[in-house]
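Trainee: What follows is a structure written as structure tokens; I'll ask about it next.
The values are calculated or read from the model by the stated rules, or taken from the named source; none is laboratory data. Not measured: the values here are computed from a predicted model. Cβ coordinates were reconstructed from backbone atoms using ideal geometry, including for glycine residues, and neighbour counts include every protein chain displayed.
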């Protein structure tokens, strides 16, 4: 049985191979580019000898900081490529080879000789790093530190206490489609097919960098092979491709090689998280501290807001949530699916499990007891919050009530079996967007909006929203998305796409209905067009807190001989507003949970202190889940009616699936083995000799 | 001394159509398809045979085309995702992927489809996998039944970062059951 809801509108193109991605446009006369990454972790470029590269058959040009087009200043230093001789981290681009063929471009890049004046580098995050500082603001613009009540006194006097530190290495987004751009200049106009999560943000960045009106720039992102945050804002490939196209007066295509992505497109920074929970004998939290230590680069400041979920999840009359960060000579961190919530909830939800054991309260019941009708940090009531219902429904479906809470209480041959639970959450974001809806005399509709479908099903859900608002069948509605030439809209990020786009589309549809009604229900031969912009509709300081919630339950086996952890079952129940397309929504939830299994068991990248480089740069060394790792994943949801949110009553669903998964798995590993692994990913060596009986 | 030849004429029969191409000796089958024939269905995800997005059938077997030098495959018969449908009629695997939502971004999908096609043939020819019970493997060349576990094991060379694995396995089962 398949999940109901319309199939993806572009599905046929995707299964027949005719959907065109950014690197699949081939303007006549196109040249191919290949970047040259810096081979030192910090220093200056002293000289670049492009002679051998330019002697390669098919060579067109080598761009360096000495000959590349000049760019204007921007807030995002990672985009200011080939502008000076500085090397802020290993892998930073120092040159770009351009050739007639991809083979020649690659050979040219290998032949570019770069001399450096290396400088001492500092790439290792330590909890006591002397240059750590407390940032005023962390992603996405929220306060770095918050204090409520008197944490120290409340914690000191709490009868039950947990003090635990959780660590994780860097994580990489690794969408299946590498970052790619095909760029061309025509009569002073720039057209870029770019693999990105939002063409408007790219268009605006290019306008700023090249000092031109954005009306002279078109950015197209019709099909995008995944993003997960690392295509959220423009990345260097689009700037380099545009520069190379201008420099060579030819269309240029640049696809970033997979092994260069880790240094160039952003990552989730390594994190050290100390969580302290003080509670009464009944487990009710009286004191909560979540203190985060992380890193950023010297190029741009990005601070993963891992303590943010501790401001929202549970009653905590005395609370301290802080971030400290150090700027190291490392690649710039950036958004990765559920920034803040994904790592922060790993720490908080493991600590909740530890508190459950310390207080002798069932882990699900403990979370129910600490539920909060208002957002603890702001005091604002939630527009809707059904965490408890998710926990109860998940427990029922999973069969939680038969669980023997004692660690190491279940074995099947050499396998230890355990179960664990965790909560999920993700805030609701709405951003201003605009849309246009046209109706023909024959009653056919066309919706135009620069939404982006990075695999979420955006095209389909926009059509569902429009058809519903218009009161017509889905097949009467055609959708145009994925171009900056369309009405401007928010990017596919922050789980805010559907809410933001849908709001604008809904408004335009209502306006169109009024226009038609104003004409007595008739449409003139040329049709009618309505536009809408939600800039004035989205409250800047809404009276409610808004978020999705959920609960995840994992069953794992741990092999006592090898230490290998396998997830046998993973069940999520989510309360995320009204689900607009069950088929694609389910895929979003299980997709996030699948990435969460990777975070729990497989993913982690190591900074080499001597070379200043991520050791795991490709998909053979950086392990993402494969088919064999994933079975028994189920996602369910609770129908939630919330009239406050937006005209559709929807919340975002793209990120919540990854939130809580790693904690549910880690808690299940503890239940199976009695070993509390507080360092992700949970690889076999962390369990061997640690009480599993293996050695 | 004359410089060595760096290009050759290579003949590839792709989806039943013969193509004669002058190719750089460094050109892979994947780049020949994408850059020279405009068949961009097969994807370049990693260029190192680590992700499976470039999977096509070469002489009937599933292969990572990013690691094949075209010059070494003169005369090969290649099937790509563009060759699976019969006109407007989708191949049953394509229809099942669509119905089961066996993809999200779609970038791994052509590789998953070609890999599934090759995998079904391998199991049908009795090739065992790591998870085939020894008693069953001993019956080779009798076809190996494709349990979900067999499908997951045999499809593990095709990564999907969107996490559509569960739906992909369900789609393949719809066709093999």
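Trainee: Please find, among A:8, A:44, A:90, A:70, the residue that is within 14 Å of chain B (Cβ to nearest Cβ) and either farther than 21 Å from residue A:175 by Cβ or at pLDDT 95 or above (or both).
Mentor: Going through A:8, A:44, A:90, A:70 in turn, just one is within 14 Å of chain B (Cβ to nearest Cβ) and either farther than 21 Å from residue A:175 by Cβ or at pLDDT 95 or above (or both): A:8.
Trainee: Another question, if that's okay. Out of (1) in contact (Cβ under 8 Å) with a residue 60 or more places away in the chain; (2) crowded, with 22+ Cβ neighbours inside 10 Å; (3) in contact with a helix residue (DSSP H, G or I) (Cβ under 9 Å, 6 or more places away or on another chain); (4) closer than 30 Å to residue A:190 by Cα, the odd one out for residue A:504 is which?
Mentor: (3)
Trainee: Any idea which of (1) buried (at least 18 other Cβ atoms within 10 Å of the Cβ); (2) within 28 Å of the chain's Cα centre (by Cα); (3) touching a residue at least 40 places away in the same chain (Cβ under 8 Å); (4) closer than 30 Å to residue A:455 by Cβ is the one residue A:31 doesn't satisfy?
Mentor: The single condition residue A:31 does not satisfy is (2).
Trainee: Can you give me the number of residues within segment A:614-637 that are under 21 Å from the mean Cα position of the chain (by Cα), part of a loop (DSSP other than H, G, I, E, B) and in contact (Cβ under 8 Å) with a residue 12 or more places away in the chain?
Mentor: Selection size over segment A:614-637: 9.
Trainee: A follow-up question, please. Taking residue A:153 and the conditions (1) part of a helix (DSSP H, G or I); (2) without any contact (Cβ under 8 Å) to a residue 60 or more places away in the chain, which numbered condition does it fall short on, given that it satisfies the others?
Mentor: Here residue A:153 clears every test but (2).
Trainee: Go through (1) in a helix (DSSP H, G or I); (2) over 16 Å from residue A:254 (Cα atoms) for residue A:23 and report which single condition fails.
Mentor: For residue A:23, the failing item is (2).
Trainee: Here is a further query. Would you check if residue A:353 is surrounded by 15 or more Cβ atoms within 10 Å (Cβ to Cβ) and out of contact with any strand residue (DSSP E or B) (no Cβ under 8 Å at 6 or more places or on another chain)?
Mentor: When the stated conditions are applied, residue A:353 does not pass them.
Trainee: Can you tell me how many residues in segment B:79-121 are within 26 Å of residue B:32 (Cα to Cα), more than 11 Å from chain A (Cβ to nearest Cβ) and either touching a residue at least 40 places away in the same chain (Cβ under 8 Å) or crowded, with 17+ Cβ neighbours inside 10 Å (or both)?
Mentor: Result for segment B:79-121: 4.
Trainee: Something else about it: Would a scan of segment A:465-476 turn up a residue that is in contact with a helix residue (DSSP H, G or I) (Cβ under 7 Å, 6 or more places away or on another chain), buried (at least 24 other Cβ atoms within 10 Å of the Cβ) and either farther than 27 Å from residue A:540 by Cα or without any contact (Cβ under 8 Å) to a residue 60 or more places away in the chain (or both)?
Mentor: Yes, some residue in segment A:465-476 is in contact with a helix residue (DSSP H, G or I) (Cβ under 7 Å, 6 or more places away or on another chain), buried (at least 24 other Cβ atoms within 10 Å of the Cβ) and either farther than 27 Å from residue A:540 by Cα or without any contact (Cβ under 8 Å) to a residue 60 or more places away in the chain (or both).
To keep it simple, each residue is scored yes or no on (1) assigned to a helix (DSSP H, G or I); (2) over 19 Å from the mean Cα position of the chain (by Cα).
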{"residue": "B:94", "(1), (2)": "yes, no"}
{"residue": "B:116", "(1), (2)": "yes, no"}
{"residue": "B:129", "(1), (2)": "no, no"}
{"residue": "B:136", "(1), (2)": "yes, yes"}
{"residue": "B:140", "(1), (2)": "no, yes"}
{"residue": "B:145", "(1), (2)": "no, yes"}
{"residue": "B:153", "(1), (2)": "yes, no"}
{"residue": "B:161", "(1), (2)": "no, no"}
{"residue": "B:167", "(1), (2)": "yes, no"}
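Trainee: Answer yes or no as to whether residue A:401 is over 22 Å from residue A:640 (Cα atoms) and either under 28 Å from the mean Cα position of the chain (by Cα) or at pLDDT 95 or above (or both).
Mentor: yes
Trainee: Shifting gears a bit: When you scan segment A:36-149 for strands (runs of 3 or more DSSP E) that lie fully inside it, which ones turn up with 3 or more residues that are surrounded by 17 or more Cβ atoms within 10 Å (Cβ to Cβ) and touching a strand residue (DSSP E or B) at 6+ places or on another chain (Cβ under 7 Å)?
Mentor: The qualifying strands (runs of 3 or more DSSP E) are A:43-49, A:59-64, A:93-99.
Trainee: Given the criterion within 14 Å of another protein chain (Cβ to nearest Cβ), in contact with a helix residue (DSSP H, G or I) (Cβ under 6 Å, 6 or more places away or on another chain), closer than 22 Å to residue A:651 by Cα and not in a loop (DSSP other than H, G, I, E, B), identify the matching residue among A:447, A:461.
Mentor: Sole residue among the options that is within 14 Å of another protein chain (Cβ to nearest Cβ), in contact with a helix residue (DSSP H, G or I) (Cβ under 6 Å, 6 or more places away or on another chain), closer than 22 Å to residue A:651 by Cα and not in a loop (DSSP other than H, G, I, E, B): A:461.
Trainee: Does residue B:149 fit the bill of being more than 7 Å from chain A (Cβ to nearest Cβ), surrounded by fewer than 20 Cβ atoms within 10 Å (Cβ to Cβ), within 24 Å of residue B:32 (Cα to Cα) and over 17 Å from the mean Cα position of the chain (by Cα)?
Mentor: no
Residue-wise test of (1) part of a loop (DSSP other than H, G, I, E, B); (2) closer than 30 Å to residue A:338 by Cα; (3) touching a residue at least 24 places away in the same chain (Cβ under 8 Å).
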residue: A:478; (1), (2), (3): no, no, yes
residue: A:509; (1), (2), (3): no, no, yes
residue: A:513; (1), (2), (3): no, no, yes
residue: A:525; (1), (2), (3): yes, no, yes
residue: A:530; (1), (2), (3): no, no, yes
residue: A:537; (1), (2), (3): yes, yes, yes
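Trainee: Could you tell me which residue of segment A:185-201 is farthest from residue B:108 (Cα to Cα), considering only residues that are in contact (Cβ under 8 Å) with a residue 60 or more places away in the chain and in contact with a helix residue (DSSP H, G or I) (Cβ under 6 Å, 6 or more places away or on another chain)?
Mentor: For segment A:185-201, the residue satisfying everything is A:185.
Trainee: From the list A:19, A:23, pick out the single residue that is out of contact with any helix residue (DSSP H, G or I) (no Cβ under 6 Å at 6 or more places or on another chain), at the interface with another protein chain (Cβ under 8 Å from one of its Cβ atoms) and under 20 Å from residue B:34 (Cβ atoms).
Mentor: On inspection, the qualifying residue turns out to be A:23.
Trainee: Looking at residue A:665 and the list (1) assigned to a loop (DSSP other than H, G, I, E, B); (2) touching a helix residue (DSSP H, G or I) at 6+ places or on another chain (Cβ under 9 Å); (3) within 24 Å of residue A:554 (Cα to Cα), which single condition is not satisfied?
Mentor: (1)
Trainee: What residue, of B:69, B:12, is modelled with pLDDT of 95 or more, away from chain A (no Cβ under 13 Å) and more than 18 Å from residue A:13 (Cα to Cα)?
Mentor: After ruling out the rest, the residue left standing is B:12.
Trainee: Another one. Please work out if residue A:254 is within 24 Å of residue B:106 (Cα to Cα), touching a strand residue (DSSP E or B) at 6+ places or on another chain (Cβ under 7 Å) and within 14 Å of chain B (Cβ to nearest Cβ).
Mentor: Yes: the conditions hold for residue A:254.
Okay, residues lined up against (1) out of contact with any helix residue (DSSP H, G or I) (no Cβ under 8 Å at 6 or more places or on another chain); (2) in the same structural domain as residue A:596 (by TED's automatic domain parsing):
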{"position": "A:126", "(1), (2)": "yes, no"}
{"position": "A:143", "(1), (2)": "yes, yes"}
{"position": "A:157", "(1), (2)": "yes, yes"}
{"position": "A:183", "(1), (2)": "no, no"}
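Trainee: Based on this model, can you work out whether residue B:55 counts as crowded, with 24+ Cβ neighbours inside 10 Å, free of Cβ contacts under 8 Å to residues at least 60 places away in the same chain and in contact with a strand residue (DSSP E or B) (Cβ under 8 Å, 6 or more places away or on another chain)?
Mentor: No: the conditions fail for residue B:55.
Trainee: Another one. Does at least one position in segment A:597-618 carry a residue that is within 8 Å of another protein chain (Cβ to nearest Cβ) and either under 20 Å from residue A:261 (Cβ atoms) or buried (at least 22 other Cβ atoms within 10 Å of the Cβ) (or both)?
Mentor: Scanning segment A:597-618, I find at least one residue that is within 8 Å of another protein chain (Cβ to nearest Cβ) and either under 20 Å from residue A:261 (Cβ atoms) or buried (at least 22 other Cβ atoms within 10 Å of the Cβ) (or both), so the answer is yes.
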